[in-house]
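Student: Have a look at the structure that comes next, please.
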């Protein structure tokens with residue numbers, strides 16, 4: 001997937017990751033201390049930024065501030081771990097494939113560090129013009145205000161709520 005994103009988009013993602021590293025590194029302070037001193041967002045704000053700003057707005061430079069250094073993703077194709085940079089590249093590729101991609105949150109329940117959501121997304125495939133819809137139930141686990149792990153169960157393509 002990494003080779004699918006080149007040029008300005010890839011540079012913007014890498015710059016955002018590097019900027020985050022620089023901003024969290026204080027003179028004489030450890031990275032762990034700098035990260036623990038950052039403001040922890042409430043789960044509903046993490047979810048809002050994740051959907052509205054990253055997925056809808058394309059602000060991929062926010063991914064490192066919303067995704068843990070290792071993000072465990074459980075889905076139909078198995079379990080995998082991605083870094084914020086890897087996941088930002090995947091988001092960029094999907095947004096490139098579906099430039100009008102929009103999520104709709106039908107339901108959500110937030111309790112402590114867990115978010116349960118039922119959502120759909122729709123988009124038009126850039127190369128074919130075909131409208132595509134997907135629906136899923138997804139559970140997120142947060143650590144220190146960042147997405148750390150997720151479980152997703154999807155309906156077949158084209159089947160909605």
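Read-outs throughout are calculated quantities, based only on the coordinates presented, and are distinct from any laboratory measurement. Computed from a predicted model, the values in this text were never measured in an experiment.
Student: With the contact rule set at Cα under 8 Å and sequence spacing of 6 or more, what percent relative contact order holds for the stretch 76-144?
Tutor: Worked out over the stretch 76-144, it gives 25 percent.
Student: May I ask for the Kirkwood hydrodynamic radius of the stretch 70-161, worked out over all distinct Cα pairs and given in angstroms to one decimal?
Tutor: For the stretch 70-161, inverting the mean 1/r across all distinct Cα pairs yields 14.2 Å.
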